[in-house]
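The values are calculated or read from the model by the stated rules, or taken from the named source; none is laboratory data. The structure displayed is predicted, hence computed values, not measured ones. Neighbour counts run over all protein chains shown; Cβ positions are idealised from the backbone, glycine included. Areas reflect the complete protein model, heavy atoms only, side chains present, ligands, DNA and RNA absent. Shrake-Rupley method; radii C 1.70, N 1.55, O 1.52, S 1.80 Å.
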Amino acid sequence: PDYFSPVLPINLIKNGVNVDEVLAAKKINGKYILGGTSQYKDNAYGNMYMAGYNQDIQRTARFNTGINLDLRGITKGLQLKTYLSLDVYNAYRQNVSNTYAIYQPTWVSYGTTDSISGINKVGTDASGNKQVLGDNGYTRRFGTYAFLDYARTFNVVHSVTATFLGYFDNLNSNAVIIDQKNSHLALRATYDYKKKYFVDFSSAYVNGFKLEKGKKGGYSPSLGLAWVISNEKENGLINYLKLKGSAGIINYEFAGSNYRLYESTYGNGSTYSWFDGVRTNKTTSISRSSNPNLTFEKMKNINLGIEGYFFNKSIYLDANVFASSNSGQVIQRSTYAPYVGDAYPYVNYNTTDYKGGELGINWSEKIGDFSFDLGANFLITDSKVIKKDETWSNSYQYRQGLPSDAMFGLQALGLFANQGDIDDSPSQKFGEVKPGDIKYKDQNGDGKIDADDEIRIGDSQSNLSYGVTLMLKYKRLSLFVIGNGREGAQSTYSGSYFWVQGSGKYSEEVLNRWTPTTYLTATYPRLSSKNSANNYRTSTWWLYDNDYFTIDRVQLTFDLPESVARKISSKEVMLYVRGENLARFSKDADKRQLRIGSEPGYRNYALGLRIMF
């Protein structure tokens, strides 16, 4: 609307003005023609109603079958199960493209009344009359597995189960040269004695498709132990108590779609010529060195926990502590000697450790027709980068030894008060600065502000996550509430709503911007018609604590009496009203939920009836 009128009301066009063009123009709702200028020919309404269409067509076919065999004739408790599946998916786009004309008006005003005294047609109305088909891709997947399942109890006290599994999967997609093939073998065996002592051994031999032949297989074992230490005869204090622990090593292929990172890659290098200066040729240069020893990434885990019911089963508790190490992470190292060049191979190098604890607790009580369940769960986590390929100019910039989610940025000291303040400060290397721009701390004392002055300013992931649930029930009426929260993370305000520069639209964030008269109270840097590389970068100026608590769902339910249900031949009839994503409690909650330039968040409400037959 600042540059042209998107639509022109026909009733504002003065009689006798290019009548033929107005009559021939394509109209919207019979009342408007498209507006524009010779400079602005792209009209949103024209694109929606007159420019043609794109139609995405998708077809999916699925087939699956299986056979289950009871092999008790061989031995009691033995079964064989098989499964076969085939999925086919393809998609394409068909489109028709049209062109449309727009009309540039000449406006005149008579007092408070506007009218159009003339129009100039720009462009033409033309139908493409040609349907274009484009291939959006296809996918074919074939999968099968078979497993032997065994379960048996001996002499009442010894229970044994075992499962041996074979699995194969092949995924074929367009534009992907190599099929994704997975073929795995797995074995799980469990034993328990009198339901008091438990042993669980699980293992898998994985065979992937991203590694070199001879390196594609990896063995992943795990072991779990448990001991029910509560007395066989329950008492009022401890009804059930189990100690448990597990440990394992998981081999898995690196993420990403490049499957042959172990190979060398080559490209065209510089051009050379013969002495006659007529014939030339290009050299072949290596762009990545090979690494035939590239192998799986590994995750080593250990977990210890306790689980139990207490006080006549009114309290349930499940608590665990865990530690894991993610080693051999695949990266393309850069910290080689200069004579190696830049043809760096991919290697198994980085290592990150994680540790933490989780607690789940639930309190249940019933008093006459009233009952309630109150639950809470907590997860505390921490990470540490143990080994990382990195090179920095200053010791405080190294990520090794810090959490894996450490955020780095500049430390803001406020806003420059005047030119004298700028002259007395280190040289700013992010472009020209003026009074009202953000001032940063020179961390290494070299007299200039640049990327070498970025320090750890926070962590992007919460180290404490928690959730609560509440169920209240009185006779046939029940209320359910669930919420969750996060503590300990930081984030930064960024994007066009907060970082207003150049010709961008202003948001209300700039209302308390720096000016010569507000320099003592300003909470926002100065505005400029130019882009500001100094102000709008990650720093503590834009940092905030990303703690919050949300109410995710509230549902009120009424179960109709059984006599009503029987009248409609139903087992159960339930009425409910539900709300989701209802509230968020945090500092600047409304501002932090803004989604600029994308679909907004929603609160969902439902009124429902459920009938079980």
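Can you work out the accessible area per residue across the range 66-183, with the rest of the protein chains kept in place, probe 1.4 Å, in square angstrom? Let's see the in-between values first.
On the way: 7370 Å² over 118 residues.
Here the per-residue accessible area is 62 Å².
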Kirkwood Rh in Å, taken over all unlike Cα pairs in the range 301-391 = 17.2 Å
What's the tally of Lys pairs in the range 384-460 whose alpha-carbon atoms lie under 17 angstrom apart, where the two lysines are 8 or more places apart or on different chains?
-> 5
Greater than 28 Å apart at Cα, pairs in K195/K216; K181/K244; K195/K571; K27/K505; K244/K300 = K195/K216; K181/K244; K195/K571; K27/K505
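Set the Förster distance to 45 Å, then compute FRET efficiency between Y396 and L243 from the Cβ-Cβ distance, nearest 0.05.
0.55
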Whole-Å distance, taken between Cα centres, linking the range 97-157 and the range 310-334 | 43 Å
Non-local residues with an amide H under 5 Å from the amide H of Y344, with H modelled 1.01 Å from N and Pro and chain starts lacking one, are S289
Inter-label distance, nm, simple model (7 Å from Cα along the C-beta direction), D276/E212 = 4.3 nm
The range 429-549 - convex hull of alpha carbons, volume per residue in Å³ | 159 Å³
Förster-model FRET efficiency, 35 Å R0, E562 and V481, C-beta, rounded to 0.05 | 0.85
Label model pair Q443, N47: point-to-point distance (7 angstrom along the Cα→beta-carbon line) in nm is 4.2 nm
Mark the label point 7 Å from the Cα of L171 along Cα→Cβ and return the residues of the range 180-219 whose backbone N is within less than 11 Å of it.
-> 180-182
Cα centroids of the range 562-588 and the range 255-301: how far apart, whole angstrom?
-> 61 Å
So, for the Cα atoms of the range 28-142, Rg and Dmax in Å stand at 29.9, 101
So what does the Cα-only Debye profile of the range 448-488 read at q = 0.19, 0.23, 0.30, 0.34 Å⁻¹, as log10 I(q)/I(0), no solvent term?
-> -0.73, -0.82, -0.99, -1.08
Hull shadow area, averaged, the range 512-589 [alpha-carbon convex hull, nm²] | 10.5 nm²
Quantify how much of the Cα-Cα distance distribution of the range 395-493 extends past 21 Å, in percent.
-> 56 percent
Accessible surface of the range 8-159, 1.4 Å probe, proportion on carbon and sulfur as whole % = 50 percent
For the range 294-440, which whole percent of the accessible surface, found with a 1.4 angstrom probe, sits on carbon and sulfur atoms?
-> 55 percent
Full extension from D114 to K434: what is 0.36 nm times the residue separation minus their Cα-Cα distance, to one decimal in nm?
-> 110.7 nm
Please list, in chain and number order, the residues 5+ apart from S528 or on another chain whose amide H is under 5 Å from its amide H, with Hs placed from the backbone.
-> G502
P(r) of the chain over all Cα-Cα pairs, 10 Å bins starting at 0, rounded to whole percent, reads 3, 8, 11, 17, 22, 18, 12, 6, 2, 1, 0
So, in Å, what gap is there between the alpha-carbon centers of the range 183-228 and the range 70-89?
-> 20 Å
Short version: ³J(HN,Hα) in whole Hz for each residue of the range 67-81, in order, from phi by Karplus 6.51 cos²θ - 1.76 cosθ + 1.60 (θ = phi - 60°), x for Gly and Pro, what are they?
-> 10, 10, 10, 8, 9, 4, x, 7, 7, 5, x, 9, 9, 10, 10
By its C-alpha gyration tensor, with a ≥ b ≥ c as the square roots of the eigenvalues, how is the range 1-76 shaped: rounded for a/c under 1.5, else prolate for a/b larger than b/c, else oblate?
-> prolate
